[in-house]
Amino acid sequence: MSKDVNKNNDPKGSHLIKGTSGGDAILEVKDLSVSFNTLAGDINVVRDINFSVKSGETVALVGESGSGKSVTAMSILRLHDEEKVCYSSGLIRFQGVNLLGSDENAIKKVRGSDISMIFQEPMTSLNPTFTVGSQIMEPLLIHKGMSKSAAKKRAIELMELTGIPEPQYRFDAFPHLLSGGQRQRMMIAMALACDPKLLIADEPTTALDVTVQLQILMLLEKLKNDFSLAVLMITHDLNLVKRFADHVCVMQEGNIVEQGRVDMLFETPQHPYTIKLLNSEPERIIPDGETKRLADNKKLLSGQNLKCHFSSSRGLFKRTTNLVKAVDNIELFLREGETLGIVGESGSGKSTLGRCLLRLEKCTGDIYFDEKQIDQLSHTALRPLRKEFQVVFQDPYSSLSPRMTIEQIVGEGLQIHFPHLNKEQRREKIKQTLVEVGLEDNILWRYPHEFSGGQRQRIAIARVVILEPKLILLDEPTSALDVSVQKQVLVLLRELQERHKISYLFITHDLKVIEAVAHRIMVMKNGRIIEMGETEQIFNEPKETYTQQLLTASLFKKQEDEIMTA
C-alpha cells in the first residue's frame, strides 16, 4: 500500500486507500512497485499500487502528468523496455496468471487479444507506413486467423461502429491523411477487433470531439455491459470519470492516495490532492459586462467570403473524385482586446479557418488586419506584419525544437523582427518575458524536454508574447494539459490579454474552456458557421440543434438515449 496514506477516519466508513475486492476480479494489481534504470541511477516511479478490476466494471486511474498512471497501465502488458525497467515488488494477475512471471510468448498471446490498449496519441501509435485498414486487420489475422477478405469486412464494420464516415474509402488511407479524432477512432477500432476481456484505455477520448467522445464512451459502456468487458480507464477528465467509471483510484507521484466508489469519492473526497483536482475545473474569468464594453472597440481582424476547398484525385488521369469545402463562404470579425472562440467537431474547418486568416493557408476572399487588406499581399510584403499575429499550437512538445535552448526558442523572433537589439538587450527582454509568463529567468540554457507540459506551454506562449503581437491564434492550447495546469494557463492568457490588450482567436472543442475565456463564440460545422453570438447567449439559449447537441454532449445534461438519437 501507499506510504503516503491519509489516516483520516470517515464516519461512514473510510473509502481512502482501500483496494477493490480481488475475489472475482479479472485483473488484480497487488503491491506493485516499478523503477527504471537511468544514468542517474534507479528511479522509483510507482510504489505499492493495489487495485483490481472485475468483469463488467470500469476502474479509472486519475491524476496529473507524472503521477504514474500510464506506467502502471503499460506494466500490465509489459510494454516497458525490459532492460531498463525493474518490477521491484508485487504482482499483476490476469485471470489467475501472474503476467510479471510470464515469458514473452505468453505475453504476446495476451496482447491485442485478451487485453487490448487504446493509446493516448494515435499519430505516434499508428504506423505511418501502413494504411489504417491494414493495421486494424492485423490483430484479426494474427489472433483470430481470419482470411484477408473476412478481416477487411470486419475492419470496415469496426470503423463504422466507431463513427468513421465512409469507412470503405478511409480503409486505404494513411494515418497522416486523417484528423486527430479520426486517428483515435481507428485506434479504438483496432483495440476492439478481437473482443478483448480487458480494455486499457489511456486517455481514449483526448483527441475526440465532445459528441464523438460521448458516442465512443457509450459504445464502450454498451460493450462492457453486453460482454462483461472489464475497462481500466486512464484519464484526467473528472467529468468523464464521474459519468462512466464505477471505481476510481487517484494517483499522485507514484502513489494511490485515495480510492473508492465514484459517488463516494466525488461527494466526500478525503485527500487534499483529490480536493485540488475537483476544484480545478475551468471557471468563467471574463467579468460581467465586458463583452458589451468591447463592442465599441475597432475591428482588428475581419474576413469576408472566405473559401478554402481541397480536392483529391485518382486514376491515371488524376480525375477529381472528392471536393472538401474546409472553409465555405465564411464572414467574421474580431475586435481589439476580444476573445473569439471557434468551436466545432474535428474536420469542421476550425484550424483551417485560423490558418487562412493568418495567411498560412491559401484561400479566396477578403481579409483585413488592422485596417489593411492582407489577402493579396506577397510573402515579402506580409513578412513585417508577421510579428503582429502569432500562433500557439496544441502540443508544446512537438512545436518547440528539442535542439534549441529556451533562450534560442524564445528569442528567435527577436532576431528577425527586432534586429536593432543587441545580444544583452535581447537576453534581458527574454528574461522579462519568461518572468511575465510565470517562469524563472534562470532557465535560458535548459532544453524543452526538461520541463513539464504546462511549463512547455508557457515557453510557447513566451515565444509569441515577446514579439508584442496584437493577435494570437490559440489552436487547442490547453487540450494536452492536466486540469489544474489548464486552469493556470487560462488565467495566464487572460492576464496577458488585460495587460497588453491582445486579441485571441481561440480554437477548441472543449466547451468548458471556451465558456471560461471567450467573449463571443462561433460554432462551425462542415466548413460553415452554424451559429454565432455572445458566450452567455450560446450557452444559455442556443438556437441551432447542432449547438444544442454539442452542449449536451459536453455537459452531460440529457439522458443517453436522447444524446444517441441526436
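The values are calculated or read from the model by the stated rules, or taken from the named source; none is laboratory data. Just so we're clear, the structure is a prediction, and the values are computed from it rather than from any experiment. Neighbour counts run over all protein chains shown; Cβ positions are idealised from the backbone, glycine included.
A compact table of results
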| read-out | value |
| --- | --- |
| Test: Met218 is surrounded by 22 or more Cβ atoms within 10 Å (Cβ to Cβ) and either under 28 Å from Gly66 (Cα atoms) or in contact (Cβ under 8 Å) with a residue 12 or more places away in the chain (or both) | no |
| Single residue of the range 179-210 satisfying the filter (farther than 13 Å from Glu121 by Cα and touching a Gly at 6+ places or on another chain (Cβ under 9 Å)) that is surrounded by the fewest Cβ atoms within 10 Å (Cβ to Cβ) | Cys194 |
| Matching helices (runs of 4 or more DSSP H) fully within the range 163-229 where at least 1 residues are closer than 19 Å to Lys242 by Cβ and out of contact with any Ser or Thr (no Cβ under 6 Å at 6 or more places or on another chain) | 210-227 |
| Of all residues making up the range 376-433, the number that are acidic (Asp, Glu), within 28 Å of Phe506 (Cβ to Cβ) and modelled with pLDDT of 95 or more | 1 |
| Ile234 touching a residue at least 60 places away in the same chain (Cβ under 8 Å), within 27 Å of Tyr504 (Cα to Cα) and in contact with a Lys or Arg (Cβ under 6 Å, 6 or more places away or on another chain) | no |
| Subset of the range 21-67 (residues that are in a loop (DSSP other than H, G, I, E, B) and surrounded by fewer than 22 Cβ atoms within 10 Å (Cβ to Cβ)) | Ser21, Gly22, Gly23, Asp24, Leu39, Ala40, Ser55, Gly56, Glu57, Ser65, Gly66 |
| Leu77, sole failed condition from (1) assigned by TED's automatic domain parsing to the domain that holds Asp48; (2) out of contact with any Phe, Trp or Tyr (no Cβ under 7 Å at 6 or more places or on another chain); (3) at pLDDT below 90 | (3) |
| Residue match in the range 108-120 (condition: within 23 Å of Val231 (Cβ to Cβ), part of a loop (DSSP other than H, G, I, E, B) and free of Cβ contacts under 8 Å to residues at least 40 places away in the same chain) | no |
| Qualifying residue in the range 274-284 (condition: under 23 Å from Val489 (Cα atoms) and β-branched (Val, Ile, Thr)) | yes |
| Boolean, Ser401 is surrounded by fewer than 18 Cβ atoms within 10 Å (Cβ to Cβ) and under 26 Å from Ile514 (Cα atoms) | no |
| Single residue of the range 425-483 satisfying the filter (over 23 Å from Glu336 (Cβ atoms), without any contact (Cβ under 8 Å) to a residue 60 or more places away in the chain and of a type in the set (S, T, N, Q)) that is surrounded by the fewest Cβ atoms within 10 Å (Cβ to Cβ) | Asn442 |
| Criterion (assigned by TED's automatic domain parsing to the domain that holds Asp510, out of contact with any His (no Cβ under 6 Å at 6 or more places or on another chain) and touching a residue at least 24 places away in the same chain (Cβ under 8 Å)) met by exactly one of Asn255, Asn297, Asn225 | Asn297 |
| Residue among Pro282, Pro269 that is without any contact (Cβ under 8 Å) to a residue 12 or more places away in the chain, within 27 Å of the chain's Cα centre (by Cα) and either crowded, with 19+ Cβ neighbours inside 10 Å or not assigned by TED's automatic domain parsing to the domain that holds Met74 (or both) | Pro269 |
| Identity of the residue in the range 441-483, small (Gly, Ala, Ser) and assigned to a loop (DSSP other than H, G, I, E, B), that ends up nearest to Ile430 (Cα to Cα) | Ser452 |
| Test result for Gly56, at positive phi, in the same structural domain as Val241 (by TED's automatic domain parsing) and in contact with a helix residue (DSSP H, G or I) (Cβ under 7 Å, 6 or more places away or on another chain) | yes |
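Condition check ((1) among the acidic types (Asp, Glu); (2) farther than 30 Å from Val248 by Cα; (3) at pLDDT 85 or above) across all residues:
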| position | (1), (2), (3) |
| --- | --- |
| Glu157 | yes, yes, yes |
| Pro165 | no, yes, no |
| Pro175 | no, yes, yes |
| Gly180 | no, no, no |
| Cys194 | no, no, yes |
| Leu198 | no, no, yes |
| Glu203 | yes, no, no |
